[in-house]
Every structure is written in C-alpha cells, then in structure tokens.
Amino acid sequence: MTCYNNYVKIKSGAFEGANPELVLNTVFGYDSFRDSQNKIITSILSGNDTLAIMPTGGGKSLCYQIPALILEGITIVVSPLISLMQDQVASLNATGIKSVFLNSSLTWEEYRNATEEIIKGQVKIVYISPEGLSTSRTRELFSQNNLKVSLITVDEAHCVSQWGHDFRPDYMEISTIRRYFPDAVMAALTATATDHVRQDIIKNLSMKNPKIYISSFNRENIFLEVMQKRNATDQVVNYVRNHRDESGIIYCNSRKQVDELTDILETMGMNAKSYHAGLTDEVRAKNQELFVKDEVQIMVATIAFGMGIDKPNVRYVINYDLPKSIEEYYQEIGRAGRDGLPSYALLLYSAADIHKIRWFFEDSGNPEQAEALLQGMVKFATSRVCRRQSLLAYFGEKYSPSPENAACCCDICKSFGGKIPLEDMTIPMQKLLSCIIRTKERFGAAYVIDVLLGSRSKRIIENEHNFLSTWGIGNELCKEDWFELVSILENEGILFKSGDYNILQITQKGYEILSSREKLMIPFIKSAAGRLKTSSSLQKKTAFVLHKKTGESIVAEKPGINDFEAEKIIKNLKEWRKKKASDMNVPPYVIFGDKTMYDIAAKKPKSKSELKNIYGLGSVKIENFGNSILALLE
C-alpha cells in the first residue's frame, strides 16, 4: 500500500459533529457546495436512507466523504472496482483523511495491518467490493462488538438493478450487511438511473423510506457530436490529431477492434494503449496506471474500462461503436471533463452496429429489455434536434437550447441553431428507390450509389448496369450525401438492409410512397452546407469560459489569451506536479487538478494566505505544497 508519511494527518474523529461547510473548506479546499450536494449531506446526517442521482463529475464522492468525517465511527463504501478504490483512497489520504481499502490487491500483511487500524478506530472510511463484502472474513471483521459503523455507502448503485447496464449479482447481497448495523444510514449513489433503475435500487438495498435527490443530468462542459461512420478509422485519427497533447478515451464494442485501432494509432506515432478483458491483469493494471499518470494520452478500450477512473483531465471520449443503451453512453462520455473544463464527446454509428448488438441479444437473459434499451440509443443517435435535448429527455429532464450556448452545446445547435431544417428530398428519394428496383434489390448501398453517380467500375460494367436508366442520374448529391439519405430512409421505415451483406431492399411503405409520388420532407444536411465535418466542431475554435457554480465565492479563473507569464507558470506547474506525483506514487490530479492549475496561473498568488483563494486548495494541500507552488511562481 502507498505510504503517505509526508502528509499532515487529520486525526480520526477530528471533525465529528462539525459543520459540513467547515469540512468542505478545510479538508477539500472548496468554498461552498454545488447543486444538491448540501441537501444530500444534510439528509444523510439526519439519519435518512438516501438515494442520490448525480452526473459523473458532479461531486458524488463528497456526499458521503463529508458525512463520514462528521459521523461517529467509520463509513463502509461498497465500490465495484479495485482501481476506483485505489484512486479514492489515494485522494483521501492526500487530503489527510485516513482511509483504507480491502481487496485482492493487498498482501496478507497489508490486509492484516488495514484490519487492525479499522478495529483500533484509526480509519474513517473503508472501501470494499461487493464480492469482498460477502466473504466470511469480512463479515467476521464487521461483527466486532466495538466497531461503530454509522454509514454504509453503495457507489455505482445502478449495478444493483438488472435495468442498469453494469448489473452485478453480488450487489444483491449488500443489504444483508445491515443486520450487523441496523442503525447505520444507507446511502446509494450513481450517475444514471431511470425510474426502473431507481425502484430496483431502493428494493434490492432494502432502503427505508429513502430521500431521493435527482440532480440535473446536464453536463454543460461536454460538447456532443454524432457522426455516421464514413471510414471510421480515418474519422478517429483526424479527431485525435486535433486533440494533440490531450487525454482521451476511445470505446469499442469488441476486443479485436480495440487491438486493431490501438495498433493503427501506435503505428502513426500516437501515444496509445489498450484495455480489455482479454489482456492479463498485469497488463491492464499497467496500462491504466500509465493513462492515469499522464504517461499515456489515449486509452482504447471496451466498456470494461472507465468506471473506476477518477481522472479529471480526460478531454474527449470517442464511441467508435454504438453503445447498447443511453445509460452506457452517458456513463462513458461522463468520464470526460470531470474537472469542469471544456471537453468533447464524439459518437460514431452505423446500421451495422445495430445488427451486431442485436446478434448478442440471443445470450441476453431478457432480449425484450435489451431491445428497449437499444432503441433508446438508436433514437438518440438518429435524432435531428439538439443532441443535449434528446439525451436529457431520456432521463425525464427538459432542456431548451438557446443561441447563447449553441457554440458549446452540440453539433446541431452549433450549425443549425438546435434543429435541422426540413429539405424536400422527394426527387433524390425516387431516384434511389428506382435504382434499387432496377438492380433487382440485390446490392448494398455502396454499389447502388456508384450506379447513381455513373461509376464505370469493373463490376458495374460486367453487370451492364451502366445501361440502366438510373445510371449517372444522381450527381446532385455527393457519395456522402447519398449514404446519409440511405440512413434516413432506413430510419423512416422506407428501406431496410438484409443479410450479412446489408442488401438494400424497399419496404411496403417505400413502395407506397414511390407509387403515390408522395412528397418527402426530411431533416437533411448536405455536406456542402457543412455536414458535421470531422473537425467542424473541434473545440480549439469553440469559445468556452471557466465559470463558477451557483453559490461559489471562489471563482476559478482562466489566464488571458496574451498572458505569456501564465503559460510559463502552467508549464512549470505541470512538470512539478508530474514529478511530485511520481515521487509519491499517485496520479498527478491527486496533487491538484487542471482547474486549480489554471487558477494559480491566472491569479499568481504571492503568499500562503493568497493560496486560500485558489480553487481546490484546502489547508492540508496548502501546508504540504504551498511553499513549492510559491517558489515556482517566484
């Protein structure tokens, strides 16, 4: 286990009975609570079982860490991943709070030392996995007569629900721990939970008349973008190049795709590693450590990666394949911008992704439920209105895009003010359907489009399709536009793709529209009008501003454009932070986050008293790092 002998320790029980705001400021360096944090903490301290739904990066951890310091005895935190426990314990110990984790990564001696500290009352927060909680060894530890447990917290609580995308059977056993501590408060926290999931959490954790707090799901600092796959590898490479020197995660649905994409990025000289269940535990742990410590910039991974990563400076998340549900998508993009700084989410999708996901439904315990979740994802990906509006509507939250935030909202808002205008695509639709009929519904989209564009490819000449009346009549649209039209007509139920080769065929509805010459008005964006070009929304050009949350009196500032001294300060702080983190064997963000670094560079404090006005620096960190920071500034 990591040693933190250089830290100023907060004595166990030092804050018992204290005011939450005092703990927030003294320990964590924040001036006031955000959103519903204060209400959730008050509910827990009042002895109420509490269910909190807060977005990733919304400050869920503080909602149980602050009560843990104020309440008598210890707090048990049930957490799903070893990496998540390690990150949380490292961060807590960095702020002076004595915490331990109990999991399989510990040697027997480390485990014994940790349990002795728990029994002696030297620990305030104990992290444990749901699997570890059910062992006889752990139950024996928690049945000690002198052990006082005031709070049991279940992190990533959606795992308790079969409607949640990360369902884990061991979570179902958590409620049994309450028999040892009947007076302990039960707190459940998660970033995503529809009504189905919320009801499952309450039932399966045996929560007693819980108070429920649902924060806004809106992550304002994340720019949302959706693109249809058009040579997806090139789209990813171009996107990553535009985010040079920034941390990013690329999610794929298969191990094979992860390995292939990682190899491509590494071959092109990009600093990338892979993460999936097919790698050994040692390789996964090493790659994750390199990414968390900023030694590696790009992590290409399956969904197995991310839940336990408390890395605040991930600047972008790319979904190379369509996620299986909105919940899964929201969790993944939520790993970007946890520090509140401008961040970006790119979703690539194709009809082939949908077919691949459905293929796995045969192994699903509830294929109807899986299909319902997938349909929510497809509806979002193909939406023609504000992405943020569509995403929040899924969680029952209303959002109205405005001209003021269009540039940092989503691709549709930035280009079209929130809604793609309707275009009369009757003639192109008739040409496409006619060409499909004349090629006898035996070919895929690429071939039909080549016929429309007058291609003289060997295959077309051999099939004599260059003599068809529809050959070469589609030059009013480029190839990309024709693919876009095919996708829209498929979503409208006019076309469908069959077989392994995605053969284009016309539905009954399509034949009726064609024969009746019905007018087709659809939200269509021609590429000439600026259709979501790969780098169109790349964030270097988007104006974002660091701003305080409602109620905060310490404002995190950002250096001015021509503040060259601040640029030098940021460079020096990054180098110092990385070296300090390496010496302490912790991730750089444990020292302080990027938001704090920018605030230091902007305000240029000259004394420890002025450091108190820096966002995210509490008294413990000022005591530990203040002299070094001031020396760098001098």
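Details
- Our coupling estimate for the stretch 273-290, obtained by passing each phi through the Karplus curve with A = 6.51, B = -1.76, C = 1.60 and θ = phi - 60°, is 9, 10, 8, 6, 5, x, 7, 5, 4, 5, 5, 4, 4, 5, 4, 5, 4, 4 Hz, Gly and Pro reported as x.
- Phi-derived couplings, Karplus 6.51 cos²θ - 1.76 cosθ + 1.60 at θ = phi - 60°, listed residue by residue for the stretch 221-234: 7, 9, 7, 9, 9, 10, 9, 6, 5, 9, 6, 4, 4, 5 Hz, with x used for Gly and Pro.
- Cα lying deepest toward the dipole's positive end in the chain, options SER455, ILE420, VAL160, charges on Cβ: ILE420
- Phi-derived couplings, Karplus 6.51 cos²θ - 1.76 cosθ + 1.60 at θ = phi - 60°, listed residue by residue for the stretch 80-85: x, 10, 4, 4, 5, 4 Hz, with x used for Gly and Pro.
- Each of ASN231, PHE33, LEU347 was scored by the projection of its Cα onto the charge dipole of the chain, and the greatest displacement toward the positive side belongs to PHE33; charges sit on the C-beta of Lys, Arg, Asp and Glu.
- Sequence ranges 324-333, 264-273, ranked by mean other-Cβ count within 10 angstrom, highest first: 324-333, 264-273
- Rounded accessible area of VAL292 (nearest 10 Å², 1.4 Å probe): 10
- Probe 1.4 Å, accessible area per residue of the chain, Å²: 43
- Segment ARG230-ARG244, extension gain: residue separation times 0.36 nm, minus the distance between their alpha carbons: 2.8 nm
- Förster-model FRET efficiency, 22 Å R0, ALA352 and SER469, C-beta, rounded to 0.05: 0.15
- By accessible area, using a 1.4 Å probe on protein heavy atoms only, the stretch 409-528 has 49% of its surface on carbon and sulfur.
- Order by protection proxy (mean Cβ within 10 Å, highest first), peptides 183-189, 131-137: 183-189, 131-137
- Candidate lysines - alpha carbon under 19 Å from LYS286, same-chain residues fewer than 8 apart omitted: LYS273, LYS311, LYS578, LYS579
- Computed over protein heavy atoms with a 1.4 angstrom probe, the accessible surface ordering of LYS604, LYS568, largest first, is LYS568, LYS604.
- Using a simple spin-label model with pseudo-atoms 7 Å out from Cα toward Cβ, LEU290 and ILE461 lie 4.9 nm apart.
- Taking only protein heavy atoms and a 1.4 Å probe, the accessible area of the stretch 325-403 is 56% carbon and sulfur.
- Only protein heavy atoms count here; under a 1.4 Å probe, ASP170 has an accessible surface of about 60 Å².
- Largest first, the residues TRP471, TRP482 sort by 1.4 Å accessible area into TRP471, TRP482.
- Solvent-accessible surface ranking, highest first, for ARG438, ARG388, ARG230, ARG284 at 1.4 angstrom: ARG438, ARG230, ARG284, ARG388
- Within the accessible area of the stretch 54-114, the carbon and sulfur atoms contribute 53%, probe 1.4 Å, all protein chains present.
- Ligands, DNA and RNA aside, THR115 has an accessible area near 20 Å² when probed at 1.4 Å.
The values are calculated or read from the model by the stated rules, or taken from the named source; none is laboratory data. If you're wondering where the values come from, they're calculated on a predicted model, not measured in any experiment. Counting neighbours? That spans all protein chains shown, and the Cβs are built from the backbone with ideal geometry, glycine included. Keep in mind that these areas ignore ligands, DNA and RNA; they rest on the heavy atoms of the full protein, side chains included. Shrake-Rupley method; radii C 1.70, N 1.55, O 1.52, S 1.80 Å.
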